[in-house]
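Let me begin by presenting the structure, written as C-alpha cells, before commenting on it.
The values are calculated or read from the model by the stated rules, or taken from the named source; none is laboratory data. What you see is a predicted model, and the numbers here were worked out from it, not measured in a lab. As a convention, Cβ positions derive from the backbone with ideal geometry for all residues, glycine included, and neighbour counts pool all protein chains shown. Side chains are part of the model used for accessible areas, which takes the heavy atoms of the whole protein and leaves out ligands, DNA and RNA. Shrake-Rupley method; radii C 1.70, N 1.55, O 1.52, S 1.80 Å.
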Amino acid sequence: MTEGGGQILRIATSLSSIFQIAVRIYDIRGGRKSPGLKAQHLNGVRLLRDMTEASLHGDELNSQTIELIPNKLKDGSFKVEIGTAGAVMLLVQSSLPCSLFSSGSCNFHFTGGTNVDFAPPVDYNIQVLFPILKRFGIEVDYKVERRGYFPKGGGKFSYQTEPVKRLKAVNLLEFGNIIRCTVHAYVAGVLPIKIAREMGDTAKKLLEKANLGVPIECEAVKEENSFGNGSGIFIVVETSTGCLLSGSSLGRRGLPAEKVARKAVDELLESVHHQVCVDKYTQDQLIIFMALAAGKSAMRSEPPTEHTRTAITLVEQMTQAKFSVTSNDGDGTCIIECDGTGYYNRYL
C-alpha cells in the first residue's frame, strides 16, 4: 500500500460489508503523528457494523487494529453524531457504496464537520461527485441542514438512497468545451461578509485572466444556517460533455482572503489546462464504483494520486476487478480503465 490513512479503512470495510467477507485491518493510520482510530474513523466502522449487524472488534479510540465480520446488509435509518469536527463526508464514502446493495431505502443523518481540512467539502459532493455518480445509475437525495466548521463541528447532513441491481460502467474520456464556471465564496459565524467578497473578487479576476471562454458566475454569501466560524471558496467548471472539475480552499486565521482564492483557482486551472474529465480529488472516489460496475469503465485524468494507487491496489486484492493505467505521453494525463465485477444485488 502507498497510503496508509483512513482511506484503506473506508474502502476495506465497505467491500467487506458488500461482499460479506470478514476483514482484519491493522496498523491503522500507522504513519500518522497520532496513529489509530479517531472519532470520525470509529464512527465510520460502527456505522457499517450497524448496517450489516456485524461483529466488530477493536472499535475504540486510538485502536490500530479492527476486525469486522459482517452479516446481511440491511436498509433503514442510520444516525451518526461524530461529536467533533470530524468530516461527515468521509462517512458518506464508507456508507454510500454499501447502501446501494441493500434490500431497500437507506436514510442517513450525520452530525459533524461539513467544511473541514483533509476531507472533501460538502459542496464537492453536491456539485461534483453526486452528479458524476448518476452516470453509474446512482441517485442520491440529500439535504444540508446546517454547516459545521472546525473545531466544534455541529454540521448536519442527511442523504437517502435506493438500492440498485447493478451499476453501469462509465466512460469519462472527452473533455468537450467549457460551458459554465461558478464561484461560491462564503463566511459563517462572526466573520464579516467582506472576506467572502474579497475571495470571490480575487477568484473572478484570476479566472477571467485565464480566458475560459465563459462568464464567471460569482456569489459571496454569509451562511446563516451554520455552527461555528468558518470561511472558504468552492469553484466548479462544467463542460459540454458533462465533465465537472473543481477547486476549493478553506480560510484560516492569518491567511489572506486573496491567498485562499488563489489556491482554489490554481487547483481548478491545473485540471482545466490538462483537459481531464476527472480531477485529482474525484479520481480515487470513483475506483470502488468502477470496480463494482458491469463492464469496462474508463476515465481521463491526471496521473494517479497516492490515494488512487492505494484504492486500486486494495480493490484488486478484495475483488475480481482489474485496473490499468496508461500514460498519454507529453500531455500530463492518463487513462485509468477498469474491468468491473458486475456485482449483482443479491437482495433484489
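Assorted remarks:
- Residue match in segment 1-8 (condition: in contact with a Phe, Trp or Tyr (Cβ under 9 Å, 6 or more places away or on another chain), hydroxyl-bearing (Ser, Thr, Tyr) and either part of a loop (DSSP other than H, G, I, E, B) or in contact (Cβ under 8 Å) with a residue 40 or more places away in the chain (or both)): no
- If the condition is being within 29 Å of Cys338 (Cα to Cα) and either among the basic types (Lys, Arg) or more than 19 Å from the chain's Cα centre (by Cα) (or both), then segment 132-161 contributes Lys134, Arg135.
- Qualifying residue in segment 9-19 (condition: of a type in the set (Phe, Trp, Tyr), surrounded by fewer than 20 Cβ atoms within 10 Å (Cβ to Cβ) and touching a strand residue (DSSP E or B) at 6+ places or on another chain (Cβ under 9 Å)): no
- Of all residues in segment 202-235 being without any contact (Cβ under 8 Å) to a residue 24 or more places away in the chain and assigned to a helix (DSSP H, G or I), the one that is surrounded by the most Cβ atoms within 10 Å (Cβ to Cβ): Lys204
- Count of segment 87-105 residues which are in contact with a Gly (Cβ under 7 Å, 6 or more places away or on another chain) and open to solvent by less than 10 Å² (accessible area, probe 1.4 Å): 4
- In the set (1) crowded, with 20+ Cβ neighbours inside 10 Å; (2) over 16 Å from Leu250 (Cα atoms), the condition left unmet by Met199 is number (2).
The rows are residues; the columns are (1) charged (D, E, K, R); (2) outside any loop (DSSP other than H, G, I, E, B); (3) at pLDDT 95 or above.
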position	(1), (2), (3)
Gly36	no, no, no
His41	no, yes, no
Val45	no, yes, yes
Asp50	yes, yes, yes
Asn62	no, no, no
Leu68	no, yes, yes
Phe78	no, yes, yes
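Results for (1) modelled with pLDDT of 95 or more; (2) within 21 Å of Gly113 (Cβ to Cβ), shown as yes or no for each residue.
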| residue | (1), (2) |
| --- | --- |
| Asn225 | no, yes |
| Ser248 | yes, yes |
| Gly251 | yes, yes |
| Glu258 | yes, no |
| Arg262 | yes, no |
| Glu267 | yes, yes |
| Val272 | yes, no |
| Gln275 | yes, no |
| Val278 | yes, no |
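- Here Ile82 passes the criteria (1) of a type in the set (A, V, I, L, M, F, W, C); (2) closer than 27 Å to Ala321 by Cα; (3) open to solvent by less than 20 Å² (accessible area, probe 1.4 Å) except the one numbered (2).
- Which numbered condition Asp59 fails, given (1) farther than 23 Å from Thr114 by Cα; (2) buried (at least 16 other Cβ atoms within 10 Å of the Cβ); (3) touching a Phe, Trp or Tyr at 6+ places or on another chain (Cβ under 7 Å): (3)
- Hey, Ala188 under 26 Å from Glu267 (Cα atoms) and touching a Leu at 6+ places or on another chain (Cβ under 6 Å) or not: no
- Restricting segment 192-201 to residues that are part of a helix (DSSP H, G or I) and out of contact with any helix residue (DSSP H, G or I) (no Cβ under 7 Å at 6 or more places or on another chain) leaves a set whose member that is farthest from Phe150 (Cα to Cα) is Asp201.
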